Amino acid sequence: MSTEVRVPTLGESVTEATVATWFKKPGDSVAVDEMLCELETDKVTVEVPSPVAGTLSEIVAGEGQSVGVDALLAMIAEGAAAAKPAEAPKPAAANGATGGGGSVDVMVPTLGESVTEATVSTWFKKEGDSVAADEMLCELETDKVSVEVPAPAAGVLTSILAKEGETVQAGGKLGVLAAGGAAAAPVAKPEAAPAAAAAPASTGAKDVENAPSANKMMAEKGLTPDRVQGTGRDGRIMKEDVARALAAGQAAAKTAEPAQMPRAPVPAEDAAREERVKMTRLRQTIARRLKDAQNTAAMLTTYNEVDMSAVMALRNEYKDLFEKKHGVKLGFMSFFVKACCHALKEIPEVNAEIDGTDVVYKNFVHMGVAVGTPSGLVVPVLRDADQMSFAAIEKKIAELGVRARDGKLSMAEMQGGTFTISNGGVYGSLMSSPILNPPQSGILGMHKIQDRPIAVGGQVVIRPMMYLALSYDHRIVDGKGAVTFLVRVKEALEDPRRLLMDL
């Protein structure tokens, strides 16, 4: 019986990819979920796992070939040959387990769409420790979320192959468990060190093949690989790496020198009191994306202020009834989400994005809500927020907020946003200019509510006021549209009845 291997879903708005590397050749035995090949899109690298155990009988799409979504990549013949890879480790497992039931590999779980690698953050167990089935062994950190890895079986952790701080690939091996009794631990420990040491040695000996499209672009632009920093697997140079190097040009070298200048004159006594900590993957991604947003978009910010009296009065009047009926507190965020959804219908370009030379208008609102966590800023998404009630919005925001702080957000919960709201007011910010969350074209910044004197009907009165800031991509949103959007948000908040009347 033969099984087809097809191109998986490549992500939003991505319809084709290039076959970058085949890790197997026809005739090779493969296990379930073992990586067969790597596809490269213009945005990400996608690894294709084997859907079944068997033998790779045919490769239909060779390296460098372009393929569409669901295109046929290869054929796998299911059968007895699949047992070969599984049987190969048995002698080593038998030595380690000493008859205790064999060994079980601890593998890197699926990390999410477009995520191919992670960093081992923390091991909760050490070699020789007994573990129960589903007990947490370690925690991995990707550039988006933290992933806990449970024990696949009860037994003894005989070896840790990926130490804390090491980078591992999706589907890679983290460690080995001896299923059964604790007697396996002392025997397995001497074997663990050579095995772990062998992994980096083999990686270093392997030649890294750059992505085909990257090689083509470097050849066209006269760029040598040593001038490009690869971000793909094992340092592989991707197409976007070449584009980034070309865009940076000589400016990157010039800015690098001043960055290092201040380090020279630091006195020894001061250096001894400094602490150098490696940036987490999440923080590196935040830094890169925010800088890319500044470099790519024609970003501009417009400001206004809103009198929060009406919203605060409405909230105070109904908050007890609201909580009693819906089981969640009525906050300010639901009013802002509703007001933004209302304004986005009138000014659709703020809810759109640029894709090459096209403008993609979204006939829906997936509202991103920026949440500060101990490890950095994340933006979970309220999908179809324009169709949600006040209660549904408050419940979803509360749920996503807890999951964000606990590092439990999935990739799906942070993808696909069309507009973002950031509330710096919870930290006391009175005024700021938020940075766009690419590829979105607009982000609304909320701020602290502060009593201020304003003129109403020729009289000076004290009102609870909030500054609003809308940062937008001027390539797609004109000043008139941005100002109108912010005015519509202001009008809806100062008179919430307008939301009911769709005015």
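The values are calculated or read from the model by the stated rules, or taken from the named source; none is laboratory data. Being a predicted model, the structure only gives us computed values, none of them experimental. Cβ coordinates were reconstructed from backbone atoms using ideal geometry, including for glycine residues, and neighbour counts include every protein chain displayed.
Of all the listed residues (Asp495, Asp502), the sole one being in contact (Cβ under 8 Å) with a residue 40 or more places away in the chain and on the phi > 0 side of the Ramachandran plot is Asp502.
Condition first: hydrophobic (A, V, I, L, M, F, W, C) and surrounded by fewer than 21 Cβ atoms within 10 Å (Cβ to Cβ). Now tell me which residues in region 38-52 satisfy that. Passing the criteria: Val44, Val48, Val52. Here Ile421, Ile454, Ile443 are screened, and the one residue that is in the same structural domain as Ala310 (by TED's automatic domain parsing), part of a strand (DSSP E or B) and surrounded by fewer than 16 Cβ atoms within 10 Å (Cβ to Cβ) is Ile454. When restricted to residues that are of a type in the set (A, V, I, L, M) and assigned to a helix (DSSP H, G or I), region 374-407 contains 9. Of all residues in region 397-418, those that are without any contact (Cβ under 8 Å) to a residue 24 or more places away in the chain have Cβ atoms under 6 Å from Cβ atoms of residues that are of a type outside the set (Asp, Glu), 6 or more apart or on another chain, in Arg403/Leu409.
Before we move on, is Ser410 assigned to a loop (DSSP other than H, G, I, E, B) and out of contact with any Ser or Thr (no Cβ under 9 Å at 6 or more places or on another chain)? Answer is yes for this residue. Scanning region 382-391 finds no residues that are under 23 Å from Ala310 (Cβ atoms) and either among the β-branched types (Val, Ile, Thr) or at pLDDT below 90 (or both).
Can you go through Ala61, Ala74, Ala82 and tell me which one is among the aliphatic types (A, V, I, L, M), in contact with a strand residue (DSSP E or B) (Cβ under 9 Å, 6 or more places away or on another chain) and at pLDDT below 75?
Ala82
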